[in-house]
Every structure is written in structure tokens, then in C-alpha cells.
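J.: First the structure, which I've put down as C-alpha cells, then a few questions once you've had a look.
The values are calculated or read from the model by the stated rules, or taken from the named source; none is laboratory data. All figures in this text were calculated on a predicted structure; none of them were measured in a lab. Cβ: placed from backbone, ideal geometry, glycine included. Neighbour counts: every protein chain shown. Keep in mind that these areas ignore ligands, DNA and RNA; they rest on the heavy atoms of the full protein, side chains included. Shrake-Rupley method; radii C 1.70, N 1.55, O 1.52, S 1.80 Å.
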Amino acid sequence: MSVDLLKQLDGVFADARGAIAGSKTDVELESVEIDLLGRKQGSLTGILKLLSTLDDESKRTVGARANQIKTEIESLLAARRAEIAALSGAGAIDISEPVLPAPEYGALHPITMACEDLSNFFRAKGFLVLDGPELESDFYNFEALNIPADHPARDMQDTFYIKDHPTWVMRTHTSCVQIRAMMKYGAPLAMVAPGRCFRNEATDVRHEHTFFQFEGMVIGENITIQHLKGMLESMAQHLFGVNTKVRLRPKFYPFVEPGMNGEVTCTICGGVGCKLCKGTGWLEIIGCGMIHPEVLRAGGIDPKKYSGFAFGPGLTRMAMLKYGIDDVREFNAGDLNFLQQ
Ligand code: DAH
């Protein structure tokens, strides 16, 4: 029996050499490979399957020869495959081949670019760049920010609520991350928190139900409005150029005292007066102020020891000003003509 099998092996090997050398394409070679080594019906595989029926001695001789042949067949297959590839002229130029259209590359969304730009600016100054949930609790979005349930300020921030979950809201601003950060890191602290926000808005060129803000906050001992103004100035000059000036005007926000509106010299006319700034020379870009003691307390920070400032520009609005985009709805429209500019 074992002599028979050794003969059969030699036969298989001789045939294999002929078939491999005679293959002219990858496809032919592959079918030769399957005929020899295929798991179900390969001729060599068939012989290997018989090994278990042999006595120990024959198993050893036939097994050794079969494995040797298998290795040789495998290297013949590999060598022939390389020859076929070389012969088929891989790498040669086929001048009759039609030209493919240029590949289309994606690009970063303008909001992403503005966000990375500002995040890097603050990261370089040692600020943490933090994230917070878009589906927030009423506590972080309103209560802890000094906006109790019956406060009229809630009217200005009507949002989307979640069915059967009366205490959850789609966050109306990124200010909620202030509280989360205070609770997690304590004072002193410097952080920014970019993110998506939602409001129940009728949309027009300036309003969207889904938009982005860029919250910032610094807490420490003896932090004052001067720190806030200096920081806003360097941020505005980074965004809009070194000649940009900043002014602060009083405005009410429940979570800061005093609250202010940060304005920059108009990015179009430089302060002379034009259509964009409605002739005033100034653009409102940022709500800001000194963090209200109640808010510090809600975040677990002692307002007698620490003070801080906070600011929350609309990231969407920054991107509009920086890149000269005049319709906010473009950002969510998914229009490639807009996005590819
Ligand atoms: N959260 C405010 C809004 O959405 C913006 C804002 C105002 C953020 C004052 C602040 C701030 O951090 O101090 O309208």
C-alpha cells in the first residue's frame, strides 16, 4: 500500500509541475492549485487523507514525502504566479486605457475648521478642551446656571424636550459644561467647551434650530474683568486680525454678574460703518461676564475664595464672520457646492 502511494505521489508531482508550468494566467494557475491542494478534491489532499489508514512506519515515509511535495508545489505555484505577473506587464503603461476622473477629496466643514482653530488657540494657553452631552438634564442646562423653572430667561431658550422625560432637554447652550467642569475639576480651572446646541427656532438667514457654541471659563483667585477683556481681545485678534478692537457693554445673563456683550470692530468695514454692522462699526459676537456666585456654588466652588469669568460666543457665527458666509442654513444643508469651497 505504501509503495503504491509513493508512486502515486510521484505521479501527482510530475503532473503538477507540467500543469503549473503550462498555466498562462492567474485564473488557470488558481484552478491548478485547487485541483492539487483543494480541501475537498485536491489530488494531493486525497493522498494525505489516506495517511491515517496506514501503519506507523508507512505513515512516516509517505507522510514525509507528501509534505515535501506539498512544499515544493507551493513554491512552484508562487514562482509561476510571479512570472505571470511580470509577463502580463504589471507596471507597463497601457496608453489606450481611458483616463479616470480626478478623485474627489473631502474637506473639513467650516464649523470644524473654526472649532479646531479656536481649540488650538486655547490649548496653547493651557486651557482644557472639554466635551459635554447634547442631551442634558434641566439641572445643568438651567437650574445650576441660576435659571430656575419660573425664570423668564427660559422663554428665550425654548428647546426640544424628550417625551416621557420631563427633566431632559436638548441643551440650549454650552454653558452647562461650566457646571460639569467645576464639579469634576474644582478650582483653579481654565477650560473651553465647543459643542452643538439646539433651540426651538423658526429658521432664517440668522437663526437655526441646531448650531454651535464655544464656551470658555477661567476660575481662580482674584480673577477680574480685566482678565476677561484681555483674553477676549487676544481671541478676537487671533480670529479677525491684529487691528481688531473689543468693547464690552452691559447685558443680562442669569449666570454672570455683571453680564456683558463683547463686541468687535466690524470684520468688513473695520469700524467705519457698513451694512453688516448696520452702520455702527461694531459686531456683537460674544456673551460673557463674571461668573455669578450662585453658579460657582452650584458647581461646588467657594465664591468667597474664587472668582471667574465665562464667555460663550456662537461658534457658528464666528465661522460665518471668519469665512464670509451670509446664510446660517448653509451649514446644515449638506450642499457640496457650499462645502467644497
Ligand atoms: N449661554 C449664553 C447663550 O447661549 C451665552 C453666554 C453668555 C455664555 C454669557 C457665557 C456667558 O458663558 O458668560 O446665549
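J.: Return yes or no: is GLY271 in contact (Cβ under 8 Å) with a residue 24 or more places away in the chain and at positive phi?
T.: On the way: in contact (Cβ under 8 Å) with a residue 24 or more places away in the chain: yes; at positive phi: yes.
Yes.
J.: Going by the conditions given, is PHE331 within 10 Å of the ligand (Cβ to nearest atom) and not charged (D, E, K, R)? Walk me through it before giving the result.
T.: Values: within 10 Å of the ligand (Cβ to nearest atom): no; not charged (D, E, K, R): yes.
In short, no.
J.: Just to check your reading of the model, which residue among VAL177, VAL169 is modelled with pLDDT of 95 or more and surrounded by 20 or more Cβ atoms within 10 Å (Cβ to Cβ)? Please lay out each step first, then the result.
T.: Values: VAL169 fails: modelled with pLDDT of 95 or more.
So the residue among VAL177, VAL169 that is modelled with pLDDT of 95 or more and surrounded by 20 or more Cβ atoms within 10 Å (Cβ to Cβ) is VAL177.
J.: Taking the conditions exactly as written (in a helix (DSSP H, G or I), outside the structural domain of LEU130 (by TED's automatic domain parsing) and without any contact (Cβ under 8 Å) to a residue 12 or more places away in the chain), does GLN68 satisfy them or not? Step through it out loud before you land on a result.
T.: Numbers: in a helix (DSSP H, G or I): yes; outside the structural domain of LEU130 (by TED's automatic domain parsing): yes; without any contact (Cβ under 8 Å) to a residue 12 or more places away in the chain: yes.
The answer is yes for GLN68.
J.: Looking at ASP164, ASP158, which one is under 30 Å from ASP327 (Cβ atoms) and at pLDDT below 95?
T.: Details: ASP164 fails: under 30 Å from ASP327 (Cβ atoms).
So the residue among ASP164, ASP158 that is under 30 Å from ASP327 (Cβ atoms) and at pLDDT below 95 is ASP158.
J.: Restricting attention to the stretch 239-297, which residues are assigned to a loop (DSSP other than H, G, I, E, B) and within 11 Å of the ligand (Cβ to nearest atom)?
T.: We begin by selecting, within the stretch 239-297, every residue assigned to a loop (DSSP other than H, G, I, E, B); these are 241-245, 251-255, 266-281, 292.
Correct list: LYS251, PHE252, TYR253, PRO254, PHE255, HIS292.
J.: So, of the residues in the stretch 303-340 that are part of a loop (DSSP other than H, G, I, E, B) and under 22 Å from PHE214 (Cβ atoms), which turns out to be least open to solvent (accessible area, probe 1.4 Å)? Explain how you work it out, then say what you get.
T.: Initial filter on the stretch 303-340 (part of a loop (DSSP other than H, G, I, E, B)): 303-306, 324-329, 334-335, 340.
Next, from what is left, pick out any that are under 22 Å from PHE214 (Cβ atoms): 324-329.
Values: GLY324: 65, ILE325: 26, ASP326: 126, ASP327: 32, VAL328: 7, ARG329: 94 Å².
Checking each candidate, the answer is VAL328.
J.: Right, something else. Does ILE219 count as assigned by TED's automatic domain parsing to the domain that holds LEU321, out of contact with any strand residue (DSSP E or B) (no Cβ under 6 Å at 6 or more places or on another chain) and not in a loop (DSSP other than H, G, I, E, B)? First the steps, then the outcome.
T.: Details: assigned by TED's automatic domain parsing to the domain that holds LEU321: yes; out of contact with any strand residue (DSSP E or B) (no Cβ under 6 Å at 6 or more places or on another chain): no; not in a loop (DSSP other than H, G, I, E, B): yes.
So ILE219 fails the test.
J.: How do the helices (runs of 4 or more DSSP H) wholly within the stretch 91-199 filter down when requiring 1 or more residues that are more than 16 Å from the ligand (Cβ to nearest atom) and free of Cβ contacts under 8 Å to residues at least 24 places away in the same chain: which remain? Break it down into steps so the answer makes sense when it comes.
T.: Values: elements: 110-124, 138-141, 176-185.
Helices (runs of 4 or more DSSP H) meeting the threshold: 110-124, 176-185.
J.: So which of GLU201, GLU221, GLU233, GLU208 is farther than 14 Å from PHE127 by Cα, modelled with pLDDT under 95 and over 25 Å from the mean Cα position of the chain (by Cα)? Break it down stepwise before answering.
T.: Working: GLU221 fails: modelled with pLDDT under 95; GLU233 fails: modelled with pLDDT under 95; GLU208 fails: over 25 Å from the mean Cα position of the chain (by Cα).
That would be GLU201, the only listed residue that is farther than 14 Å from PHE127 by Cα, modelled with pLDDT under 95 and over 25 Å from the mean Cα position of the chain (by Cα).
J.: Given the conditions (1) at positive phi; (2) crowded, with 22+ Cβ neighbours inside 10 Å; (3) of a type in the set (D, E, K, R), and given that GLU215 satisfies all but one, which numbered condition is not satisfied?
T.: (1)
J.: Also, I was wondering about something else. Out of all the residues in the stretch 285-307, is one or more under 22 Å from the mean Cα position of the chain (by Cα) and β-branched (Val, Ile, Thr)?
T.: The answer is no, given that none of the residues of the stretch 285-307 is under 22 Å from the mean Cα position of the chain (by Cα) and β-branched (Val, Ile, Thr).
J.: Does LEU232 count as surrounded by 13 or more Cβ atoms within 10 Å (Cβ to Cβ), in the same structural domain as GLU263 (by TED's automatic domain parsing) and under 24 Å from PRO110 (Cα atoms)? Before the answer, list the steps.
T.: On the way: surrounded by 13 or more Cβ atoms within 10 Å (Cβ to Cβ): yes; in the same structural domain as GLU263 (by TED's automatic domain parsing): yes; under 24 Å from PRO110 (Cα atoms): yes.
So LEU232 passes the test.
J.: Just checking, which of PHE139, PHE122 is in the same structural domain as VAL192 (by TED's automatic domain parsing), open to solvent by less than 30 Å² (accessible area, probe 1.4 Å), hydrophobic (A, V, I, L, M, F, W, C) and out of contact with any Phe, Trp or Tyr (no Cβ under 7 Å at 6 or more places or on another chain)? Even if it seems obvious, please write down each step before you answer.
T.: On the way: PHE139 fails: open to solvent by less than 30 Å² (accessible area, probe 1.4 Å).
Going through PHE139, PHE122 in turn, just one is in the same structural domain as VAL192 (by TED's automatic domain parsing), open to solvent by less than 30 Å² (accessible area, probe 1.4 Å), hydrophobic (A, V, I, L, M, F, W, C) and out of contact with any Phe, Trp or Tyr (no Cβ under 7 Å at 6 or more places or on another chain): PHE122.
J.: Output the qualifying pairs, or none if there are none: Cβ atoms under 7 angstrom, residues six or more apart or on different chains, first residue in the stretch 294-323 and on the phi < 0 side of the Ramachandran plot and not assigned by TED's automatic domain parsing to the domain that holds SER119, second residue within 13 Å of the ligand (Cβ to nearest atom) and open to solvent by 30 Å² or more (accessible area, probe 1.4 Å).
T.: From residues that are on the phi < 0 side of the Ramachandran plot and not assigned by TED's automatic domain parsing to the domain that holds SER119, there are no pairs.
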